[in-house]
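Structure first, then comments.
The values are calculated or read from the model by the stated rules, or taken from the named source; none is laboratory data. Values in this document were obtained by computation on a predicted structure and should not be read as measured data. We place every Cβ from the backbone using ideal geometry, glycine too, and count neighbours over all the protein chains shown.
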């Protein structure tokens, strides 16, 4: 007998799933935004280091100073699919924009810059599951199980589409001059080096900030998990029930081992091998992905 799985609430935009609370008109208008020279897109698949990277970029732009009280990162680096074209167009230049779109859907300009952060799919699905549970008003999935969510993830039936479609679309462009391709795991292991790479990629003010040792040390401190897990209203404006995991939850590499069954390990490993065949993506996580 087939087990009936519970699924989160989504809105289907011509085959592309989004959280149910995202205004359809904003998603549609966001896709029509014309990227400009000088724009920087921080683009990831969900739960792959998006907020962390947004915060690092904010700190580089602001001499290592954290967000002002009462502000969220979305006020400063807004989410294209959530706010739509008009909000993005109204930003002062240079614009910094968050997206979860695959390359083919992301607004493109040859003189815009794109920071893409990838995370291994095992930790990604665990983090995505807890994220989805926690935003009760968006997903109505507070009582959903990891097994429920895993089935949606491995079949690509989650918001923002299939993990592998997103990863592969950006991996093909990892050597483009206007793309900086990083991994979450690299940033965890080499935070100072990663921040400097981002600063060099962005140049100008960000590079000047990183070249100041005091500012650089402050960025490392302010962007640490310990600091980011405090005062979490800086990262989102939606209230999460107290019994739900926080938005900044663990920030670990390898937490997936606490959630996966042996069958799930086998299935996602097989999917990873099949979908990344012919690429060198396996080298990104050769010490993490089970073999």
**Fill in**
Here, helices (runs of 4 or more DSSP H) confined to the stretch 1-102 with at least 2 residues that are more than 20 Å from the chain's Cα centre (by Cα) are 24-31, 85-89
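State all residues of the stretch 85-104 that are crowded, with 19+ Cβ neighbours inside 10 Å and within 24 Å of residue 20 (Cβ to Cβ); if no residue qualifies, say none.
Result: 88, 97, 98, 99, 100, 101, 102.
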**Message:** If I filter the stretch 241-261 for residues that are loosely packed, with under 13 Cβ neighbours inside 10 Å and at pLDDT 90 or above, do I get at least one hit?
**Reply:** yes
**Asked** Can you tell me which residues in the stretch 175-190 are more than 19 Å from residue 124 (Cα to Cα) and surrounded by 13 or more Cβ atoms within 10 Å (Cβ to Cβ)?
**Response** 176, 178, 179, 180, 190
**Fill in**
Here the residues within the stretch 166-192 that are at pLDDT below 95 and farther than 23 Å from residue 255 by Cβ are 192
**Message:** Looking at the structure I just gave you, is residue 89 within 29 Å of residue 6 (Cα to Cα), without any contact (Cβ under 8 Å) to a residue 60 or more places away in the chain and out of contact with any helix residue (DSSP H, G or I) (no Cβ under 9 Å at 6 or more places or on another chain)?
**Reply:** no
**Request:** Within the stretch 262-289, work out how many residues are over 14 Å from residue 164 (Cα atoms), in contact (Cβ under 8 Å) with a residue 40 or more places away in the chain and not in a helix (DSSP H, G or I).
**Result:** 2
